[in-house]
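First comes the structure, then the notes that go with it.
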Amino acid sequence: MSPPIKSALALGLAASALALAACSNEGGAPGNQAARAGIWSAGSSTVFPFATRVAENFARMSGSSAPRVESLGTGGGIQAFCAGVGPSTPDIANASRPMKQSEFDRCVENGVTDIVELKIGYDGIVVATARTGATFDLKLQDLYMGLAKQVPGADGQFVANPATTWNAVNPALPNQRIQVYGPPPTSGTRDAFLELGMAPAGKLVPAVAALESDKTRFETITHTLREDGAWIDSGENDNAIVQTLTRTPGSLGVFGFSFLEQNMDTVKAETIDGVAPSPDTIANGTYPLARSLYIYVKKAHIGVTPGLEQFVQEFMSDGAAGRGGYLQDRGLIPLAADALAAEKAKAAAMTSMARPE
């Protein structure tokens, strides 16, 4: 960045800092809050390394302190984001799934009425083992039959999942104890795993597919994971799951593809329906557990939080989110050029999203 542009940005940040204090007394946020000088981004552990990288680059360009980036899980980040308007709430929610209708409604109830939804790229959810572990060729329905709390019994009634080994689920799988480390309920990775893995897997099991007409019952059956030690909640830090696999022989882990790429020397991804996760299979949707990643921007904070608009523009720039950009080096799978251009246009116009269906 040239000195005149850098100076202009610094002046803009200073002016916005003065305005931020006034935001504390505006709709949705209680008065008498201390002003916040910097950008605050919170949410998905999967988006965290990407947001952190953009924050570092933005700080170098602007000469200001790096934006605050927190890994709270998608649900936790959106909850904080939707708490109101003002310096006690984040400017941006990072998410590894789309915002839910109920979350959008909570935002509106708390005065967060203009939200800009931006898709930043793709990621995949992998089922992985230690590199020295047995090889799995999972069928999609194996996820449901191995990890659902309740499965169809011999008489067609649902019973507590009796499977203790993977070959009891599918004879082609290793005779290995079912022990899977994965993200907790607040995680967008957990939500996406349920939506992209467990629910479609359930539809391949006739007794479960028969429940589709009862949406609530179907969702309960397919979205409730085992609580008997076969599935183990392992916190919001995907790196911790990776490390656990190397310390716990025979275990599997569920986490984001970007963390796989960073740890290929110690862990390996298993195939699902014969498809291995890769940048190509995730981008073209042939890998079953591919997903989109998002940031949600509080429009009321634009022009108020110092540098927020410029930070968002940097996040969506070709140099960051584009093919060959520095986020691709961190493991983000970029959008196609035309799709990124559409998201950049939304960011430039600060186009508010509609209520999710």
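The values are calculated or read from the model by the stated rules, or taken from the named source; none is laboratory data. Quantities reported herein were computed from a predicted structural model and do not represent experimental measurements. In this analysis, Cβ positions are derived from the backbone assuming ideal geometry, glycine residues included, and neighbour counts consider all displayed protein chains. To get the accessible areas, we keep the full protein, side chains included, count just its heavy atoms, and leave off ligands, DNA and RNA. Shrake-Rupley method; radii C 1.70, N 1.55, O 1.52, S 1.80 Å.
Values computed for the structure shown
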item: In order through the stretch 308-325: 3J(HN,Hα) via Karplus (6.51 cos²θ - 1.76 cosθ + 1.60), integer Hz, x for Gly, Pro; result: 4, 4, 5, 5, 5, 4, 5, 4, 8, 6, 4, x, 9, 8, x, 4, x, x
item: Near-label residues of the stretch 290-320 by backbone N, under 15 Å of a point 7 Å along Cα→Cβ of SER352; result: 297-302
item: Simple spin-label estimate for ALA337 and ASP273 in nanometres, 7 Å along Cα-Cβ; result: 3.1 nm
item: Cα-only Debye scattering, the stretch 151-299: base-10 log of I(q)/I(0) at q = 0.13, 0.20, 0.22 Å⁻¹; result: -0.67, -1.56, -1.73
item: For PHE257, solvent-accessible area (1.4 Å; no DNA, RNA or ligand), Å²; result: 10 Å²
item: Area accessible to solvent at LYS203, 1.4 Å probe radius, in Å²; result: 100 Å²
item: Over the chain, volume per residue of the alpha carbon convex hull, in Å³; result: 139 Å³
item: Local electrostatic count at ALA51 - Lys and Arg +1, Asp and Glu -1, tallied over other residues with Cβ under 12 Å; result: -1
item: Hits among lysines - C-alpha to C-alpha of LYS346 under 26 Å, sequence gap 8 or more where chains match; result: LYS6, LYS100, LYS119, LYS298, LYS299
item: Solvent-accessible area per residue, Å², over the stretch 147-284 with all protein chains present [probe radius 1.4 Å]; result: 45 Å²
item: Between 0 and 90°, nearest 10: helix 337-349 axis offset from the chain longest Cα axis; result: 40 degrees
item: Per-peptide average of other Cβ atoms within 10 Å, ordering 112-120, 206-214 highest first; result: 112-120, 206-214
item: Cα-only Debye scattering, the stretch 110-203: base-10 log of I(q)/I(0) at q = 0.11, 0.12, 0.19, 0.21 Å⁻¹; result: -0.43, -0.50, -1.02, -1.20
item: The chain - percent of accessible surface contributed by carbon and sulfur, probe 1.4 Å; result: 53 percent
item: Rounded to the nearest 10 Å², the accessible area of VAL205 at probe 1.4 Å; result: 20 Å²
item: Rounded tilt (10° steps) of 48-62 against the dominant C-alpha axis of the chain; result: 20 degrees
item: In sequence order, calculated HN-Hα J values of the stretch 199-209 (Karplus, 6.51, -1.76, 1.60; Hz; x Gly/Pro); result: 5, x, 5, x, 5, 8, 9, x, 5, 7, 4
item: Karplus-derived 3J(HN,Hα), 6.51/-1.76/1.60, for each residue of the stretch 271-281, Hz, glycine and proline x; result: 7, 10, 6, x, 10, 8, x, 7, x, 6, 5
item: Extended-chain gain in nm, criterion 0.36 nm per residue less alpha-carbon gap, GLU227 and ALA240; result: 2.7 nm
item: Distant-in-sequence amide H partners of GLU70 (H built 1.01 Å from N, under 5 Å); result: SER41, ALA42, GLY43
item: Peptide ranges 90-96, 250-256 listed from the most packed, as the mean C-beta count within 10 angstrom indicates; result: 90-96, 250-256
item: Lys/Arg +1, Asp/Glu -1 at C-beta; the stretch 207-357 dipole; positive extreme among GLN313, THR224, VAL208; result: GLN313
item: Gained length - GLN101 relative to VAL159, 0.36 nm times residue gap less alpha-carbon distance; result: 17.7 nm
